[in-house]
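**Q** Take this structure, written in structure tokens, and hold onto it; I'll ask about it next.
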Amino acid sequence: MNLKAIAALSSLLALAAPVACTSQSKSNPTPADSSDTTKAGAPVRVDAKLGEDQARIALRFEKAASDVQVHLSGVDGLDVKSAPTPVSGSFAQDSVSEFDVLFTPGEGRSLLVVTVTGTFDGAHLSRVFSFDVGTPTEAQQKATGTTVTGDDGQPIKVLPSSNAE
């Protein structure tokens, strides 16, 4: 094994150590039913009806919530023109909150990101949702990396490290 391989391996182990040593059970309780594959997080659903420069967002609270904050942001050049925190407050179980978002999309494909945080059953939880806007450019389609399929059937893009030698 050469020195570069040893350095890369030790770097990966150092990055993985904090993840392996943390317990998610305190901040993100796991579902009671082990057959449930839903990710732990805020029990809220977010749907978006997207247009070229606007979206209609609908939040459905699956449990009662307090201290809720909804934050909007963009990725890959998308610029949110609406208030970055359009919703806050408390919501009853099964209540729905809808609002419109104005944005300027980035070149090609960009993302609208909706982050919901709040207190659910006494626990501070959050969940992040992202929605594709636009069509990928040729350069975006040829992004470096390898796509593999995770255990849950979702595609995962493995990107090369940008660490300098």
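The values are calculated or read from the model by the stated rules, or taken from the named source; none is laboratory data. Quick caveat: nothing in here was measured; it's all calculated off a predicted structure. Note that each Cβ is placed from the backbone with ideal geometry, even for glycine, and that neighbours are counted across all protein chains shown. All accessible areas refer to the heavy atoms of the entire protein, side chains included, with ligands and DNA or RNA removed. Shrake-Rupley method; radii C 1.70, N 1.55, O 1.52, S 1.80 Å.
**Q** Given the criteria modelled with pLDDT under 90 and either assigned to a strand (DSSP E or B) or farther than 29 Å from Pro43 by Cα (or both), does Ser161 qualify? Don't jump to the end; show me each part of the working.
**A** On the way: modelled with pLDDT under 90: yes; either assigned to a strand (DSSP E or B) or farther than 29 Å from Pro43 by Cα (or both): yes.
Here the answer is yes, as Ser161 does meet what is asked.
**Q** Let me ask you something else. Could we say that Gln69 is within 20 Å of the chain's Cα centre (by Cα) and open to solvent by 80 Å² or more (accessible area, probe 1.4 Å) here? Give the steps one after another, and end with the answer.
**A** Values: within 20 Å of the chain's Cα centre (by Cα): yes; open to solvent by 80 Å² or more (accessible area, probe 1.4 Å): yes.
So Gln69 fits the description; yes.
**Q** When you check Asp76 against the structure, is it of a type outside the set (A, V, I, L, M, F, W, C), surrounded by fewer than 18 Cβ atoms within 10 Å (Cβ to Cβ) and within 17 Å of the chain's Cα centre (by Cα), yes or no?
**A** Details: of a type outside the set (A, V, I, L, M, F, W, C): yes; surrounded by fewer than 18 Cβ atoms within 10 Å (Cβ to Cβ): yes; within 17 Å of the chain's Cα centre (by Cα): yes.
For Asp76, the condition - of a type outside the set (A, V, I, L, M, F, W, C), surrounded by fewer than 18 Cβ atoms within 10 Å (Cβ to Cβ) and within 17 Å of the chain's Cα centre (by Cα) - is met.
**Q** Further question: Can you confirm whether Ala58 is among the hydrophobic types (A, V, I, L, M, F, W, C), farther than 27 Å from Thr137 by Cα, open to solvent by less than 70 Å² (accessible area, probe 1.4 Å) and outside any strand (DSSP E or B)?
**A** Spelling it out, it is not the case that Ala58 is among the hydrophobic types (A, V, I, L, M, F, W, C), farther than 27 Å from Thr137 by Cα, open to solvent by less than 70 Å² (accessible area, probe 1.4 Å) and outside any strand (DSSP E or B).
**Q** So which of Gly106, Gly118 ends up being over 30 Å from Asp151 (Cβ atoms), open to solvent by less than 30 Å² (accessible area, probe 1.4 Å) and either part of a loop (DSSP other than H, G, I, E, B) or at pLDDT 95 or above (or both)? Don't jump to the end; show me each part of the working.
**A** Details: Gly118 fails: over 30 Å from Asp151 (Cβ atoms).
None of the other options fit; the residue is Gly106.
**Q** With Asp53, Asp121 as the choices, which residue is of a type in the set (D, E, K, R) and under 27 Å from Gly41 (Cα atoms)?
**A** On the way: Asp53 fails: under 27 Å from Gly41 (Cα atoms).
Of the residues listed, the single one that is of a type in the set (D, E, K, R) and under 27 Å from Gly41 (Cα atoms) is Asp121.
**Q** Condition first: in a loop (DSSP other than H, G, I, E, B), without any contact (Cβ under 8 Å) to a residue 24 or more places away in the chain, in contact with a Ser or Thr (Cβ under 8 Å, 6 or more places away or on another chain) and surrounded by fewer than 11 Cβ atoms within 10 Å (Cβ to Cβ). Can you find one or more residues in segment 128-149 that meet it? Quick ask: steps written out before the conclusion?
**A** Initially, segment 128-149 is screened for residues in a loop (DSSP other than H, G, I, E, B), giving 134-137, 142-145.
Now drop any that are not without any contact (Cβ under 8 Å) to a residue 24 or more places away in the chain, which leaves 142-145.
Narrowing the set further to residues that are in contact with a Ser or Thr (Cβ under 8 Å, 6 or more places away or on another chain) leaves none.
No, segment 128-149 has no match at all.
**Q** Another question, then. Determine whether Gln93 is modelled with pLDDT of 95 or more, assigned to a strand (DSSP E or B) and open to solvent by 60 Å² or more (accessible area, probe 1.4 Å). Steps first, answer last, please.
**A** On the way: modelled with pLDDT of 95 or more: yes; assigned to a strand (DSSP E or B): no; open to solvent by 60 Å² or more (accessible area, probe 1.4 Å): yes.
So Gln93 fails the test.
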